[in-house]
1. How do 64, 321 line up, fewest other C-beta atoms within 10 Å first?
2. Straight-line reach from residue 266: which lysines have a Cα under 24 Å away, not including same-chain ones fewer than 8 places off?
3. Which whole-angstrom value gives the distance between the alpha carbon centres of the range 65-122 and the range 602-620?
4. Could you please rank 15, 557, 72, 531, placing first whichever residue has the fewest other Cβ atoms within 10 Å of its Cβ?
5. Below 8 Å between Cα atoms, with a sequence gap of 6+, how large is the relative contact order for the range 153-246 in percent?
6. Can you give the charge dipole size of the range 492-588 about its Cα centre, rounded to the nearest 20 debye, using +1 on the beta carbon of Lys and Arg and -1 on the beta carbon of Asp and Glu?
7. As a test of the formula, what do you get for the chain when each DSSP H run with n ≥ 4 contributes -39,500 (n - 2.57) and the sum is divided by the residue count, at 222 nm and rounded to the nearest 500 deg cm²/dmol?
8. Taking every pair of Cα atoms in the range 580-723, average 1/r, invert it to obtain the Kirkwood radius, and report Rg/Rh to two decimals.
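Just so it is clear, none of the values below were taken in a lab; they were calculated from the coordinates. This is a predicted model, so every value here is computed, not measured. Note that each Cβ is placed from the backbone with ideal geometry, even for glycine, and that neighbours are counted across all protein chains shown.
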Amino acid sequence: MSSSNRFKFDFLASKPKAIQRSVSNHLVYTIGKDPFTATDHDWMMAFCHVVRDRLIERWMETQRSYYRNDAKRVYYLSMEFLIGRSLTNSLLNMDIHDACSSALHRLGIELERLRNLEHDAALGNGGLGRLAACFLDSMATLDLPGIGYGIRFEYGMFRQRIENGQQVEHPENWLAHGNPWEFPRPEVAYKVRFGGRVLEYQGPNGRRQFDWIEGDLVLAQAYDTPIPGYKNDTVNNLRLWSAKAHQAFDLSCFNMGEYSSAVEEKTLSENISKVLYPDDSSSQNRELRLKQQYFFVCASLKDILRRFFSDHNDIHELPERVAIQLNDTHPAIAIPELMRVLIDKYHLEWQLAWEITTKIFSYTNHTLLPEALESWPVELLGRLLPRHLQLIYEINRRFLLMVANLHPGDTERQRRLSVIDEQDGRRVRMAHLAIIGSHKVNGVSALHSGLLKSSTFHDFDEFYPNKIINITNGITPRRWLYQANRPLSALICEAIGDAWVRDLNQLEALIPLADDSSFQERFAAAKLVNKQRLAELVKFHLGQQIDPHTLFDVQVKRIHEYKRQLLNLMRVIAHYNRLLDAPDAEVVPRTYIFGGKAAPGYFMAKLIIRLINDVADVIDNDQAVNKRLKVLFIPNYDVTTAADIIPAAELSQQISTAGMEASGTGNMKLALNGSLTMGTLDGANVEIRDQVGAENIFIFGLTTDQVKQRCQQGYHPRYHFESEPLLRRVVEMIGNGFFSPEEPERYKPLVESLLDRDHFMVMADFQAYLECSDRADAIYRQPEIWNQMAILNTAQMGYFSSDRTIQEYAQQIWQIAPIQR
Ligand code: 26W
């Protein structure tokens with residue numbers, strides 16, 4: 001943006017005095033409260049409105065510049081956006097943090113107190129949703145015209161409480177006290193149809209035409225959330241859809257006194273945006289979920305076309321102005337939806353409609369787990385979206401014809417590639433639809449993309465060479481270092497300036513400082529401050545004592561068997577046994593920190609949480625060890641607790657079964673904050689090793705190829721049980737009720753799974769894991785070496801900035817460029 005504009009925004013609005021006046025005004029005129037009776041929450045809302053005023057000016061100017069430049073835009077379609085809090089992010093990105101802090105101080109209010117009153121916008125489950133949020137930040141920071149589209153869930157990701165050691169889910173009503181960041185747009189509302197039937201008729205030139213009619217209508221109403229870039233005055237938009245009844249209520253019922261049936265339809269349709277599905281990596285074929293998907297896709301496409309036609313009139317130009325990224329297959333119904341609009345509404349010929357569609361769409365795959373690959377029963381899809389099913393059949397028919405042309409007689413290949421899975425009931429494979437309808441498909445780490453090409457989508461890779469590519473994930477350095485870790489940020493800025501915040505590769509300037517003993521000390525001091533802060537939070541919120549002078553050994557992420565929190569816990573038990581056997585053994589005093597939510601219906605994951613808490617109890621009550629060994633489960637892991645925990649971590653556990661974690665992004669956040677990774681060669685861990693150097697990371701365990709080999713040869717977990725005494729003892733303790741004396745059978749399902757199946761090769765990796773952990777301990781005893789390694793991690797994580805990731809998407813997939821103003 002030009003300097004004259006910047007001047008315009010800053011001069012009046014960024015001075016403490018102006019901010020102070022503005023807060024007072026908003027308190028009275030927006031919130032309607034007297035300063036004498038106002039609660040902290042009232043002040044927080046008033047203050048957020050002040051910040052929002054500054055956002056909206058920049059937002060309008062940014063949108064105007066996109067129109068002026070006739071910019072090609074990218075639309076990021078995602079069922080999930082896991083944003084977290086926005087206040088600090090907005091203050092720092094607009095460079096008004098200190099001015100605001102002193103303005104509030106003059107009013108007798110501490111910014112820190114207000115900050116903690118904000119609810120997380122938790123409209124996502126985990127990695128996929130948080131990635132979408134990092135991408136929005138990077139697009140805005142890079143001056144790219146990127147717009148997010150999703151659902152405004154009334155209830156976000158559930159709140160996790162631990163009661164009697166077990167996860168209990170509580171609804172997260174994040175909107176109850178108002179959301180200061182959103183702008184409702186009641187004038188932007190689109191009709192979305194479900195059900196009904198397909199009408200066939202003769203078009204003007206004698207052609208067969210189709211129209212989808214009747215059924216039920218729901219309204220999608222827009223809410224906009226401004227997304228500020230880092231100190232560039234760009235503010236992009238996240239548009240979320242909320243479901244509203246097409247008719248508020250049935251007046252005839254109402255007049256007859258049947259009040260509840262009068263509002264029945266309203267309740268039913270508004271259910272669509274009521275609650276986020278809390279399932280991470282397992283596809284539930286619920287009708288409501290398919291409705292959610294089509295609901296936001298249909299509204300988003302209508303909105304995209306409305307924007308296009310506001311200053312264009314030739315639909316052929318659409319691919320020059322519009323790119324649409326599908327965040328996993330969840331929005332893949334957009335492909336037949338665009339075909340429907342182009343053919344049924346604009347009366348384009350199939351071939352032309354298909355060309356436009358495939359030029360516009362691209363698809364990111366985020367998982368190889370078969371249970372997470374979405375497929376919808378043909379019956380269900382045909383009932384809710386009859387015209388889409390017809391179009392999917394036709395897309396598939398034409399595709400399979402081409403396959404047959406290339407591989408005549410190879411019906412087995414056609415069966416494998418088909419969009420329709422004929423195996424168990426007929427189902428629509430959404431990933432196949434997404435690949436066929438996109439010009440690019442990407443995996444999210446080098447290893448993952450390689451596996452997509454060599455196995456999961458191998459036939460597609462042969463059929464469409466160069467369509468499947470890799471774009472390794474990244475994280476935004478603004479939220480995950482600059483904001484979350486002020487002590488380390490300040491130290492880095494002092495040492496090398498602040499250019500790294502928008503160009504993370506600049507952290508390499510820290511490399512020469514890695515063996516400077518005074519820098520090492522200051523680096524360690526920053527870590528200690530973060531550890532002390534976390535210890536205070538833990539004391540305050542959980543009433544538990546953790547010692548900041550112990551090694552903070554952290555595994556925070558969704559609880560899933562393939563992520564192997566159980567393997568970590570078995571290491572904890574083995575360490576405990578060591579102390580039981582040799583009470584005076586010299587060990588590195590450790591605090592094992594776990595955090596993460598389990599899907600509410602995921603029995604094994606919930607049992608693992610319970611075992612973590614049972615083990616923590618036993619160790620807490622054992623005076624002989626509890627000064628040197630502490631296990632802590634931090635409840636309700638979310639974006640905000642992540643920002644408290646990650647800067648304090650020293651060891652980062654990234655121990656998924658090789659080949660199962662698509663990328664991981666927590667691994668990047670932890671390493672960037674100077675935590676050393678202990679991990680398998682899985683997902684982006686491989687590339688982290690390449691960047692930081694094999695000597696600065698602790699790698700152990702079976703590789704992807706070895707895992708595959710073991711599976712093929714026939715894997716026998718009992719062999720490890722029989723031949724490894726340390727392992728045997730740990731498994732027996734879990735199985736015989738050592739940690740659950742009041743219910744000895746409690747963990748039988750875990751032990752049976754380990755001994756009889758062990759799909760995740762916990763038993764096979766246990767020994768190597770223990771040895772690796774000992775290697776780490778030996779280095780932790782030499783603080784200079786540990787600190788040097790930690791600095792070299794931070795210094796060499798530049799590649800994992802989501803700015804780099806987004807630049808790759810922009811160049812290799814979207815063909816969009818920054819807008820200069
Ligand atoms: C339909 C049910 C469902 C829900 C969510 C299936 C699959 C998902 C996601 C794909 C799960 C997910 O979040 N995947 C994670 O994506 C991250 C961002 O790319 C990666 O870093 C993680 O490795 C991957 O597990």
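1. 64, 321
2. Here the lysines satisfying the reach criterion relative to residue 266 are 191, 244, 274, 291, 302.
3. 37 Å
4. Sorted ascending by nearby Cβ count, the order is 15, 72, 531, 557.
5. 22 percent
6. With Lys and Arg at +1 and Asp and Glu at -1, about 620 debye.
7. Estimated from H runs of four or more residues: -14000 deg cm²/dmol.
8. 0.99
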